[in-house]
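Only one structure is covered here, and it is reproduced in the block below.
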Amino acid sequence: QVTLRARLSVVPGGQAVARAVVEGSPDSLPQLLDRLAAQLLGLNAEVDGSRVASMTSASLPAIRAYLAGREAFRGGRMEDAVQRFREATLLDSTFALAGLELSRAAGWTKSDGDVGRGARIARLGRDRLSAPDRALLDALTRQWVSAPTMFERWNAVVTAYPARPENWYALGDAHFHWGPLAGEEGSFARAEEAFRRGWRLDSAASGASAVRNHTEGTTKIRMEMA
């Protein structure tokens with residue numbers, strides 16, 4: 001067995017911003033180096049720790065494309081995010097996490113083919129996803145039953161994994177878009193609270209724009225409904 005350790009440091013000063021370690025047999029050194037680099041890339045990009053493990057089985061070019069897609073998604077550049085997540089899945093067709101994010105990002109665009117393709121890749125690689133991402137996958141692919149069922153499933157996800165901002169944004173989006181149509185009482189207040197919970201966890205993410213635009217959007221929808 002060999003153990004490889006690495007760290008990224010800020011210079012000058014030398015403060016470590018990310019540390020990674022991998023272990024394996026000496027004859028798998030190239031694969032170990034790729035896994036080490038994947039860990040460092042993910043940690044430096046502030047990817048959730050449970051997702052770093054899902055990344056390390058993918059190829060480095062696919063990981064770079066995935067991280068670029070993640071940055072675009074957090075910035076609200078959905079078309080760019082879809083393109084980069086799609087690139088990641090084309091570079092590595094077993095990259096389940098990229099498939100999950102492709103399906104999620106494509107849901108904000110008119111790319112229905114990418115929604116289905118991403119979901120298929122994620123389902124095929126379900127065992128390589130973390131428990132929170134499996135819950136996210138289930139909620140995304142099984143939500144279109146009824147409005148009450150949709151709200152119930154997203155509430156279950158945020159209850160089980162409250163530290164994941166994307167879950168709060170999805171819950172807020174469900175209340176915001178489908179609550180009024182379903183006759184849900186206080187749907188906009190529920191949406192605002194969910195958006196704010198997500199924003200407090202990650203104010204750089206795309207859902208933050210939903211919070212900023214909430215008042216304007218609510219007024220517009222109320223006027224249209226009236």
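The values are calculated or read from the model by the stated rules, or taken from the named source; none is laboratory data. Because the structure is predicted, anything quoted here is derived from the model rather than measured. Glycine gets a Cβ as well: all are built from the backbone with ideal geometry, and neighbour counts include every protein chain shown. Heavy atoms of the whole protein, side chains included, go into the accessibility calculation; ligands, DNA and RNA do not. Shrake-Rupley method; radii C 1.70, N 1.55, O 1.52, S 1.80 Å.
The figures follow:
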quantity	calculated
Close pairs from region 62-91: first on the phi > 0 side of the Ramachandran plot, partner of a type in the set (Gly, Ala, Ser), Cβ under 7 Å, at least 6 apart	Gly76/Ser206; Gly76/Ser209
Residue list for region 143-164, restricted to those being in a loop (DSSP other than H, G, I, E, B) and open to solvent by less than 60 Å² (accessible area, probe 1.4 Å)	Gln143, Ser146, Arg164
Tally, over region 95-153, of residues that are of a type in the set (Val, Ile, Thr) and either within 14 Å of Leu171 (Cβ to Cβ) or in contact with a Lys or Arg (Cβ under 6 Å, 6 or more places away or on another chain) (or both)	1
Region 183-197, residues that are of a type in the set (A, V, I, L, M) and open to solvent by 60 Å² or more (accessible area, probe 1.4 Å)	Ala189
Members of region 115-141 that are open to solvent by less than 70 Å² (accessible area, probe 1.4 Å), over 15 Å from the mean Cα position of the chain (by Cα) and acidic (Asp, Glu)	none
Elements of type helices (runs of 4 or more DSSP H) contained in region 17-109, each with 1 or more residues being modelled with pLDDT under 85 and either of a type in the set (Lys, Arg) or surrounded by fewer than 19 Cβ atoms within 10 Å (Cβ to Cβ) (or both)	29-44, 49-55, 60-74
Whichever residue in region 129-142 is in a helix (DSSP H, G or I) and either free of Cβ contacts under 8 Å to residues at least 24 places away in the same chain or of a type in the set (Ser, Thr, Tyr) (or both) and, among such residues, is nearest to Ser57 (Cα to Cα)	Arg134
